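One structure, as structure tokens, below. Some questions next.
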Amino acid sequence: MTPASASRTLTGRLERRLDWHDLGTCREDGRDPAMWEADYGKKARQARALCWLHCPVRVRCLMYTLEQEAGDLPRYRFGVAGGLNKRERAELDRGLRERREARTEKAAA
């Protein structure tokens, strides 16, 4: 095995081990985890801004969080995820469910 092929093999293994979670802005060294745990206030605003402006996995994070929280009331949600706070995610979830139900009803008619 040449040094170049060994390097490619190692790089490939490392890339496969990296989960999309590890690529989030919230996971960068020096970030305060409490920022993403806040629902409202200065920390939540900072977290939302970082998500929207810099996070390469914001959409994936939002979709994952919506899947995990599907149907939950806002009181069972917390923090900032995918650039949205718990209230915004609850509203988005409700809207998505209503659209799905409308499509299902239309298809059944």
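At residue 96 and residue 29, where each label point lies 7 Å from the Cα along Cα→Cβ, what is the point-to-point distance in nanometres?
A separation of 3.4 nm, rounded to one decimal place.
Still on this structure, I have one more. From the phi of every residue in segment 46-52, what ³J(HN,Hα) in whole Hz does the Karplus formula 6.51 cos²θ - 1.76 cosθ + 1.60 yield, where θ is phi - 60° and glycine or proline is x?
After applying 6.51 cos²θ - 1.76 cosθ + 1.60, I find 5, 4, 4, 4, 4, 4, 5 Hz.
What residues have an amide H closer than 5 Å to that of residue 84, excluding those fewer than 5 places away on the same chain, when H is modeled at 1.01 Å from N in the peptide plane?
Here the answer is none, since no amide H 5 or more places off falls under 5 Å of that of residue 84.
Skipping prolines and chain starts, which residues have an amide H placed within reach, meaning under 5 Å, of the one on residue 57, given they are 5 or more residues away or on another chain?
HN-HN under 5 Å from residue 57: 25.
Would you work out which of 95, 79, 40 lies farthest towards the positive end of the dipole of segment 21-108, given +1 charges on the beta-carbon of Lys and Arg and -1 on that of Asp and Glu, about the Cα centre?
Of the listed residues, the answer is 95.
What number, in percent, do you get for the relative contact order of segment 21-108 if the mean sequence gap of Cα pairs under 8 Å and at least 6 apart is divided by its residue count?
So the answer I get is 29 percent.
Bear in mind that the values in this text are calculations on the coordinates, not laboratory data. All values derive from a computational prediction rather than experimental measurement. As a convention, Cβ positions derive from the backbone with ideal geometry for all residues, glycine included, and neighbour counts pool all protein chains shown.
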